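I have placed the structure first, in the form of structure tokens, so that the comments after it can refer back to it.
FYI, it's all coordinate maths here, none of it is from the lab. These numbers were taken from a predicted model, which means no experiment stands behind them. In this analysis, Cβ positions are derived from the backbone assuming ideal geometry, glycine residues included, and neighbour counts consider all displayed protein chains.
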Amino acid sequence: MKALIMKEFRLVVHPATYMLALLGVLVLIPSWMYGAIFIYGILVAFFNGMNARETHDLAYSFALPASRRAMVRARVAVMALIEAFMLAFIALREPLGINGIAVEQGPVGCAANLYLVGLGFALFGLFNAVFYPLYYRNPLKVGAPFALACIPAALAIALLEALPYLPWEFCAPLGVPGFHDLGAQLTVLGIGVTLFAFATLWGIRRASHAFATFDA
């Protein structure tokens, strides 16, 4: 598995992936729509899928002593690592004392807090669960699976940005930056990570079944 993951980083991961992953630092911009970070995150799957096709990674992978399920697990594991890396910028913003540029205006949508990290994990899990089972029906076609997976992801991002403005008391804290009400934030973070893990594992399982029937 380790060798397959290293192969993914060396041969499949598109150069733009590293730039997109670093866009997690956009949490340093005050009064910004942090939900856009997740848009850049899901673009990683598209660029990597395109790069894998253009470099004929599929033919190379079939020549390796590895099962199709292991190939799927390695590809999704790399995506999960990149997603976690992007969310780490948000989680470390306060502990490292990184507060961005001080402004009086509040954030647009969800603020940089653990609520955003937890919801981000859930959103990435949703994308993984939809995209990879569709993608592995035919790994040579990336556009249609990505477009379909973007529909629920876009709706989730829109909901995430709207939550702080909804007239329910439990929604208001989502728009407050920092680690206030830490117990509630850690609870949401834990739920988000759990949903991410289950959704991603489910996506791997369904993608493996789809890939098993693919005739190269």
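Counting Lys and Arg as +1 and Asp and Glu as -1, what is the net charge of the other residues whose Cβ lies under 11 Å from the Cβ of VAL13?
On the way: positive: LYS7, ARG10, ARG75; negative: GLU8, ASP57.
Residues near VAL13 contribute +1 overall.
Spatial offset of region 1-27 relative to region 131-193 amounts to 21 Å, using the alpha carbon center of each.
Please arrange HIS14, HIS209, HIS56 by counting, for each residue, the other beta carbons lying within 10 Å of its beta carbon, fewest first. Before the final figure, lay out the partial values.
Details: HIS14 19, HIS209 15, HIS56 10.
The order, fewest Cβ neighbours first, is HIS56, HIS209, HIS14.
Take every Cα pair under 8 Å whose residues are at least 6 apart in sequence, average their separation, divide by the length of the chain, and the relative contact order is 28 percent. Relative to the longest principal axis of the Cα atoms of the chain, helix 143-162 runs at roughly 10 degrees.
Cβ crowding within 10 Å, taken as a proxy for footprinting-reagent exposure, orders LYS141, LYS2 from fewest neighbours to most as LYS2, LYS141. Rounded to the nearest 20 debye, the dipole magnitude of the chain is 1020 debye, with +1 charges on Lys and Arg beta carbons, -1 on Asp and Glu beta carbons, and the Cα centre as origin. Rounded to the nearest 10 degrees, the angle from helix 36-54 to the longest Cα principal axis of the chain is 10 degrees.
Tell me, GLU83, GLU161, GLU8 in order of fewest to most beta-carbon neighbours within 10 Å?
Values: GLU83 26, GLU161 18, GLU8 22.
Starting with the residue having the fewest Cβ neighbours, the order is GLU161, GLU8, GLU83.
Ordered from longest to shortest, the equivalent ellipsoid semi-axes for the chain are 34, 17, 15 Å, each the square root of 5 times a Cα gyration tensor eigenvalue.
Rg/Rh for region 138-216 (Cα atoms only, Rh after Kirkwood) is 1.13. Using only Cα atoms, find the angle between the long axis of helix 114-135 and the longest principal axis of the chain, and express it within 0 to 90 degrees, rounded to the nearest 10. Long axis of 114-135 versus the principal axis of the chain: about 20 degrees.
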